[in-house]
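Just below is one structure, and these are the notes that go with it.
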Amino acid sequence: MDFPFENRCFEAQEKLSRPELRELQAHRLRELVGRVANVPFYKDAFAKAGVNASTIRSADDIRRLPFTTKEDLRQHYPLGFLAVPREQIARIHGSSGTTGKPTFVAYTTQDVDTWASLCARFLVAGGLRPEHTVHIAFGYGLFTGGFGLHYGVEKVGAAVVPASSGNTPRQIMLIQDLASQVLICTPSYALTIADCAKQKGINPRDLPLEFAHLGGEPWTEDMRHQIEKELGILAFNNYGLSEVIGPGVSGECVARTGMHIQEDHFLVECVNPDTLEPVKMGERGELVFTSLTKQAMPIIRYRTRDIAALDDSPCPCGRTTCRMGRVVGRTDDMLIIRGVNVFPSQIEEALLRVDGTAPHYMIEVDRPGTLDTVTVRVEMTPKFFSDSMSEMQALHDRIDREIHSVTGLRMSVELVDPQSIERFVGKAKRVIDRRREKGLI
Ligand code: DLL
């Protein structure tokens with residue numbers, strides 16, 4: 001499908017020459033180091049490393065600065081990383097911690113405005129125009145997805161339908177009745193919408209949607225094809241995390257060859273998570289971001305735990321910013337099964353290669369004796385479900401082979417009824433690790 005918009009809408013800072021960009025980054029980094037000098041964590045860390053604003057001469061000097069981890073943020077709960085007086089805070093969001101308390105992030109009025117502009121930028125890069133109506137099905141709350149994208153869409157001048165999450169049948173009614181052309185949510189929720197439409201007897205391809213900006217969780221290229229086929233749309237990927245700003249860190253342009261990182265605001269590094277040394281351009285590593293322009297709670301060298309590769313080759317769209325590939329997993333999501341490293345996304349990739357399965361699955365890892373076991377429960381599509389036993393066995397064997405070829409491991413595959421795996425309105429949860437519950441890892 002051809003993208004229906006020309007792609008000439010970008011800001012000058014998205015196409016700086018590399019030396020110009022590095023100079024701007026150096027300047028902003030120097031200012032940043034000065035601005036956070038009174039944050040207790042950075043004050044101590046800078047003193048230990050013997051750095052201050054005057055020692056920052058180039059963007060490469062980032063490597064002399066300390067890393068910041070989620071644990072550091074937890075230790076300074078709730079707002080110990082604040083770099084401005086409390087009265088300057090205009091907004092507080094929180095990251096979706098799976099356990100315990102959230103990690104809070106604060107914004108000044110100017111931060112909120114910068115954030116909106118960054119979201120607007122990637123939305124425009126992926127085709128959003130003022131004449132569109134945009135359905136946002138991200139939760140509005142502490143999570144940065146809803147409000148972040150909301151203000152971005154407003155900045156572009158398009159109409160927002162702030163549907164928030166939940167009640168999928170009602171979401172479908174809103175999309176139909178308000179004729180939204182653009183959908184904003186997680187990739188898994190886009191599929192839930194397609195599923196629910198089918199159950200209501202509506203062909204999801206007949207919905208008015210033309211394209212979607214999806215993010216907030218890992219997904220595969222096969223999942224993109226599935227979403228595009230089911231809903232008859234183009235699906236764009238965008239990435240971000242609360243600690244750095246929220247959505248707006250990077251997003252795909254119409255060329256869809258990786259997500260352009262908004263490098264005038266974020267300095268990116270890709271490091272080996274064990275040695276913390278930079279990996280070669282194009283190699284996968286852990287992404288590390290420094291927020292160069294945030295005022296309320298800037299962060300230096302934040303270790304995201306997200307594994308992806310960077311790509312600095314020219315993009316046909318004309319933007320000169322470096323792109324990041326899909327996040328293949330998180331260092332803390334990586335399963336070590338009988339000594340082999342496996343990301344849930346590899347299992348998803350294998351499942352989506354097999355016709356007859358739906359992209360709804362759950363991975364359960366256990367260690368009943370001394371060996372790890374993995375059970376992959378995967379939904380069959382309704383058509384396959386009604387077919388003969390021998391066809392089901394063949395389907396089972398195909399999945400088994402694909403998983404083995406992608407991961408190198410044998411896993412036990414269970415085909416389950418259509419609609420029997422839980423659907424998620426926010427981020428999908430795909431893994432249950434009983435070993436963790438039993439205190440074995
Ligand atoms: O998920 C921010 C966001 C909202 C981004 C909406 C895009 C759209 P957190 O809740 O802090 O913030 O979770 C951040 O989600 O470290 C990644 O592991 C994951 N993530 C976000 N976007 C993507 C993506 C928001 N496009 C964490 N692909 C990050 C893969 C993603 N993983």
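The values are calculated or read from the model by the stated rules, or taken from the named source; none is laboratory data. Being a predicted model, the structure only gives us computed values, none of them experimental. Cβ coordinates were reconstructed from backbone atoms using ideal geometry, including for glycine residues, and neighbour counts include every protein chain displayed. Side chains included, ligands, DNA and RNA excluded: accessible areas come from the protein's heavy atoms. Shrake-Rupley method; radii C 1.70, N 1.55, O 1.52, S 1.80 Å.
Values as computed for the structure displayed
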{"item": "Rough spin-label spacing in nm, given labels placed 7 Å along Cα→Cβ, for His404 and Thr109", "result": "6.5 nm"}
{"item": "Estimated FRET transfer efficiency (Asp397, Glu277; beta-carbon r; R0 41 Å; 0.05)", "result": "0.45"}
{"item": "Chain lengthening between Glu217 and Asp44 when straightened (0.36 nm per residue, less Cα-Cα)", "result": "58.9 nm"}
{"item": "Cα-projected label distance for Met173 with Ala12, points at 7 Å along beta-carbon direction, nm", "result": "5.0 nm"}
{"item": "Among 158-164, 272-278, the order from most to least packed when residues are scored by Cβ within 10 Å on average", "result": "158-164, 272-278"}
{"item": "Dipole moment magnitude, nearest 20 debye, the chain about Cα centre, only Lys, Arg, Asp, Glu C-beta charged", "result": "1060 debye"}
{"item": "Out-of-range pairs (alpha-carbon distance over 28 Å; input Lys70/Lys280; Lys15/Lys280; Lys70/Lys294; Lys101/Lys427; Lys101/Lys155; Lys43/Lys155)", "result": "Lys101/Lys155; Lys43/Lys155"}
{"item": "Listed residues Leu123, Tyr140, Tyr77: farthest to the positive end of the dipole of the chain (Cβ charges)", "result": "Tyr77"}
{"item": "Antiparallel DSSP beta bridges within region 307-441, percent to nearest 5", "result": "60 percent"}
{"item": "Rg ratio (alpha-carbon, reference 2.2 N^0.38 Å) - region 1-330", "result": "0.99"}
{"item": "Accessible area (Å², 1.4 Å probe, nearest 10) - Thr55", "result": "30 Å²"}
{"item": "Charge dipole of region 1-330 about the Cα centre (unit charges at C-beta), most positive-ward option of Val244, Val33, Ala190", "result": "Val33"}
{"item": "Sequence ranges 344-353, 9-18, ranked by mean other-Cβ count within 10 angstrom, highest first", "result": "344-353, 9-18"}
{"item": "Protection proxy ranking of 74-86, 214-226, 179-191 - average other beta-carbon atoms within 10 Å, highest first", "result": "179-191, 214-226, 74-86"}
{"item": "Inter-centroid distance (Cα atoms) of region 378-441 relative to region 180-256, Å", "result": "22 Å"}
{"item": "Portion, in percent, of the accessible area of the chain that falls on carbon or sulfur, probe 1.4 Å", "result": "51 percent"}
